[in-house]
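Here is the structure we will look at, set down as structure tokens.
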Amino acid sequence: MLPTSHNTQQVKRINVELVKNTLRSMGVGTKASIANLTKLSVATCGTILNELLQTGEIMDLGPDESSGGRPASRYQFNADYASVLCLIIRTEGGIHSITHTYANLNGEMADEQTLILDEINVTVVEDLIGNLIEHHNVQAIGIGIPGVAHNGVIGICDVPELMYQPLGPRLKEQYEDVEVVIGNDMNLTVYGLYNQQQFEEEKNFAVVTFPENHFPGAGFIIDGRPLTGNTHFGGEVSFLPFGVSREEQLRMLKTTEGLQELVVQTLVSIIAIINPATIVVTGDTMDPAMRDGLTQGCLDRMIPLEHMPELIIQRDTRREYVTGLVAVTLESLTYRIQVIEKQW
């Protein structure tokens with residue numbers, strides 16, 4: 001059993017998180033209205049609000065309009081109190097780039113820039129972060145990579161110099177009080193695209209990408225929750241049993257017929273396994289005009305019409321990738337033991 005003092009400390013952190021999240025969603029609130037929504041006592045809310053005022057995490061907007069009696073103070077969440085730093089690492093068509101942006105605690109982005117680099121390795125990433133973090137109150141760093149990362153250690157990756165590098169642990173060693181998130185590009189893109197759909201209830205959802213000169217990848221949402229897999233290998237659809245070598249896959253992807261064949265086989269596998277409501281197919285090899293042919297290809301492979309998901313072809317998902325990365329990075333700031341379970 002945990003010591004009583006430890007339990008008390010955890011409860012307080014949960015309550016602080018609850019008050020902050022409630023005030024963020026309300027926009028403006030009073031001590032009484034926050035207590036009503038959080039089900040905490042007015043006294044507890046008052047203590048937490050005073051502490052948050054001292055740190056600058058919330059702002060006092062002054063007294064509310066009085067309806068008789070002493071007017072209550074109005075509070076607002078200070079989204080600009082701190083920021084998160086997000087980096088997207090790409091290698092496309094022989095061009096290496098890192099796009100970086102800051103986002104405040106409401107996810108509003110600013111200062112987005114893209115750097116074209118001769119090469120990308122751990123030292124390049126660390127030096128860039130060191131320069132970007134210097135004059136900002138950065139509470140979390142999010143990094144999107146074209147590969148797999150498990151516990152911050154990069155595995156398979158389209159950037160060879162980053163493969164098998166413990167980038168996450170190295171950054172945590174340098175910035176002890178900063179959360180570090182390293183995520184797969186497809187998992188982050190699917191998170192951004194899923195939130196964009198605004199489903200009325202939680203659904204199964206998939207995104208699969210076919211980039212030029214690279215193996216395909218995919219990301220999945222199951223019942224509204226990201227599926228990353230036991231070792232974050234989920235979505236590596238190029239390892240599906242297509243019956244050809246990986247080298248032959250790359251050759252097939254360069255021809256119209258080969259691309260169609262591999263896309264259809266991939267879609268059929270995804271449909272049969274997770275039965276998604278929607279699949280978004282992305283990548284610079286794709287064209288919206290391919291939609292009907294891909295749909296018919298799935299039906300020809302014996303997928304029943306009633307189980308055929310909505311198929312969307314969207315070549316460019318860069319914005320959704322960024323918004324997914326920002327959302328996941330912000331979630332890393334939420335205290336892990338809480339009433340509302342984290343999604344990522």
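The values are calculated or read from the model by the stated rules, or taken from the named source; none is laboratory data. Just so it is clear, the structure is predicted and the values come from calculations on it, not from any experiment. Counting neighbours? That spans all protein chains shown, and the Cβs are built from the backbone with ideal geometry, glycine included. What goes into the accessible areas is simple: the full protein's heavy atoms, side chains included, and nothing from ligands, DNA or RNA. Shrake-Rupley method; radii C 1.70, N 1.55, O 1.52, S 1.80 Å.
A few points about this structure:
- Qualifying residue in segment 185-195 (condition: surrounded by fewer than 24 Cβ atoms within 10 Å (Cβ to Cβ) and over 17 Å from Pro309 (Cα atoms)): yes
- Condition met for Gly168 (part of a helix (DSSP H, G or I) and not β-branched (Val, Ile, Thr)): yes
- Out of Glu202, Glu161, one residue alone is of a type in the set (D, E, K, R), in a helix (DSSP H, G or I) and in contact (Cβ under 8 Å) with a residue 12 or more places away in the chain. It is Glu161.
- Members of segment 221-231 found to be buried (at least 19 other Cβ atoms within 10 Å of the Cβ), assigned to a loop (DSSP other than H, G, I, E, B) and either of a type in the set (A, V, I, L, M, F, W, C) or in contact (Cβ under 8 Å) with a residue 60 or more places away in the chain (or both), listed by number: none
- Within segment 336-344, not a single residue is modelled with pLDDT of 95 or more and closer than 20 Å to Ala140 by Cα.
- Which numbered condition Ile143 misses (of (1) surrounded by 22 or more Cβ atoms within 10 Å (Cβ to Cβ); (2) of a type in the set (A, V, I, L, M, F, W, C); (3) within 28 Å of Glu261 (Cβ to Cβ)): (3)
- Residue that is modelled with the lowest pLDDT [pool: residues in segment 32-69 that are outside any helix (DSSP H, G or I) and charged (D, E, K, R)]: Glu65
- Residues in segment 27-63 that are under 26 Å from Ser83 (Cβ atoms), open to solvent by 50 Å² or more (accessible area, probe 1.4 Å) and touching a helix residue (DSSP H, G or I) at 6+ places or on another chain (Cβ under 7 Å): Asp60 alone.
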